[in-house]
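J.: First the structure, then my questions, so here it is.
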Amino acid sequence: MGLREDLEAAKATGLGELAAVADAASLEAARVAWLGARSGRMKELKEAFSALPGDQKREFGRVLNEVDAALKEAFKSAQERLAGAVQDAPIDLTMPVPAHRPGSIHPISQVAADIERVFTSMGYEVIDGPHVEEDEFNFGRLNIPADHPARDAQDTFWLSTGKLLRTHTSSVQGRTYAGVGSGALTPPFRRVVVGKVFRYEAVDATHDNTFTQVEGFVVDKGITVAHLVGTIKTMLAAALKRDDVDIRLRPHFFPFVEPGFEVDVRLLHGEGRLAKWMELLGCGMIHPRVLTMGGIDPEQWQGFAFGLGLERLTMVRHQIGDIRLFNGADLRGLRQFT
Ligand code: PHE
């Protein structure tokens, strides 16, 4: 094909395309394809033109300019057509705008912040560990060997890699003792963890497969159960926003503490024989074996540890009856706690 045919074809197709564009994106695409300064069709044609011998230039110059002008004109009118379409679109200026609803901090995060604040004020370091955890830190270093029946108490999500989703924040204790063993950390220390844990459990009003735990532990000299009780009461008063809380300790077995306890908190409603107690946390004095495994001499150092479910605590604080509120998507529940 000669240049004349090329120019005529460009004019016909280009004008057709520009007349057909229906939105800003296709208008821009057509502009680039036909009038683009770097690789548009007109640019190619102008290059072909300038390669022509002088006498032919005279013949084609006029046609070239005419096609160029026609395409530019078509571009402009397409642009105006689209702008007009926007202006003519029906806009109801009186339509009410949906009201902005300020967001709010999740009730669990509110209680977590209160807890971190009170522990920071007692000189604790706030730390966390990974959700995907090694057997060693979740179980092994906590005196729960592979064949120990205590593993059955926490139904575990195992991963095909041999790792697991941590079943409790005590895994961070496991990591801490490993840190002492490797010389990265030395007692005394006070640490608190607030984080998600996972159990292979059927979900109902008081159980969820994903929940939040608070774990606190201290290793120092001369630590006794009295320090443990005092710390737990201080924490619960701060988290429940009460001046004082009644708790009771019941002996309980956890492989990594000795002695071990479960702690119940007295619910506000009901006095005397009508008082109701709710089980809230596990705790105890860190087992000498756990300390020894971590390279800490139990003759010299003692410690306590406790772990509690933050959802339970928040349910007590706000008198919420169903744990599914926290991870559910129904904002009507959560919006009550702004
Ligand atoms: N990790 C225990 C649990 O999840 C709780 C606990 C923590 C008990 C620390 C004793 C000491 O059941």
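The values are calculated or read from the model by the stated rules, or taken from the named source; none is laboratory data. Keep in mind that this is a model prediction, so the values were computed, not measured. Glycine also receives a Cβ, built like all others from the backbone with ideal geometry; neighbour counts cover every protein chain displayed. Please note that ligands, DNA and RNA were not included when accessible areas were found on the heavy atoms of the full protein model with its side chains. Shrake-Rupley method; radii C 1.70, N 1.55, O 1.52, S 1.80 Å.
J.: Given the options T167, T314, T13, state which has the largest fluctuation in a GNM of the chain using a 10 Å cut-off (strictly under) for Cα springs.
T.: Judging by the Gaussian network model, the answer is T13.
J.: Pick from M95, M293, M235: which is most flexible by mean-square fluctuation in a GNM of the chain where alpha carbon atoms under 10 Å apart are linked?
T.: Evaluated over the chain, the most mobile residue of the options is M95.
J.: Let's test the formula: R0 of 41 Å, r as the Cβ-Cβ distance of A146 and K241. What FRET efficiency results, to the nearest 0.05?
T.: Between A146 and K241 the formula returns 0.45.
J.: Straight distance only, please: which aspartates and glutamates reach the Cα of K163 with their own Cα at less than 20 Å, same-chain residues fewer than 8 apart left out?
T.: Excluding near neighbours in sequence, the set is D128, E133, E134, D135, E136, D147, D152, D155, E201.
J.: Further question: For the chain, modelled as a GNM with alpha-carbon contacts under 10 angstrom, which of T161, T120, T186 fluctuates the most?
T.: Highest fluctuation among the options: T161.
J.: Now for a different question. For the range 42-173, calculate the relative contact order in percent as a whole number, restricting contacts to Cα pairs under 8 Å that are 6 or more residues apart.
T.: 17 percent
J.: Could you tell me which of G303, I232, G162 has its Cα farthest along the dipole of the chain towards the positive end, charges placed at Cβ (Lys, Arg +1; Asp, Glu -1), taken about the Cα centre?
T.: Of the options given, the answer is I232.
J.: Taking a label point 7 Å from the Cα of H252 along the Cα→Cβ vector, which residues of the range 187-215 have an amide N closer than 17 Å to it?
T.: Zone members listed by number: 197-199, 206-208, 211-215.
J.: Now a separate question. Starting from the Cα of K233, draw a straight line to each of the lysines and keep only those under 25 Å, dropping any in the same chain fewer than 8 residues away.
T.: K196, K221, K241, K276
J.: Please state the charge dipole magnitude for the chain, taken about the Cα centre, from unit charges on C-beta atoms (+1 on K and R, -1 on D and E), reported in debye and rounded to the nearest 20.
T.: 580 debye
J.: So with the 1.4 Å probe, I'd like the accessible area per residue for the chain, rounded to whole Å².
T.: 54 Å²
J.: A follow-up question, please. By how many nm would the segment from S121 to Q56 grow when fully extended, if each residue of separation counts as 0.36 nm and the alpha-carbon distance is taken off?
T.: Result: 14.4 nm gained on full extension.
J.: For the range 107-337, just the Cα atoms, rotate onto the principal axes and tell me the three extents in Å, largest first.
T.: 49, 43, 31
J.: Give the aspartates and glutamates reachable from K76 as a straight Cα distance under 12 Å; neighbours fewer than 8 places away on the same chain don't count.
T.: E28
J.: Between E73 and A275, what is 0.36 nm times their sequence separation minus the Cα-Cα distance? Round to one decimal in nm.
T.: On the way: separation 202, 0.36 × 202 = 72.72 nm, distance 8.71 nm.
Here the answer is 64.0 nm.
J.: Next up: Show the residues, 5+ positions off or on another chain, whose built amide H is closer than 5 Å to the amide H of F261.
T.: The list, which skips near neighbours in sequence, is H252, C283, G284.
J.: Give me the extension gain from M95 to E5: residue separation times 0.36 nm, minus the current Cα-Cα distance, reported in nm with one decimal.
T.: 26.9 nm is the gain from fully extending M95 to E5.
J.: Moving on to the next point. Show that you can apply the helix-only estimate: for the chain, add -39,500 (n - 2.57) for every DSSP H stretch of four or more residues, divide by all residues, and state [θ] at 222 nm to the nearest 500.
T.: -13500 deg cm²/dmol
J.: Sorted by accessible area with a 1.4 angstrom probe, largest first, how do M122, M285 fall?
T.: Highest to lowest solvent-accessible surface, that is M122, M285.
J.: Label D155 and E80 with points 7 Å out from Cα along Cα→Cβ: what is the distance between them in nm?
T.: The answer from the label model is 7.3 nm.
J.: Report, to the nearest whole %, how much of the accessible area of the chain belongs to carbon and sulfur atoms, 1.4 Å probe, protein only.
T.: That fraction is 55 percent.
J.: Then there is this: Taking all protein chains together and a probe of 1.4 Å, list D68, D243, D155 from the most accessible to the least accessible.
T.: These residues rank, largest area first, as D243, D155, D68.
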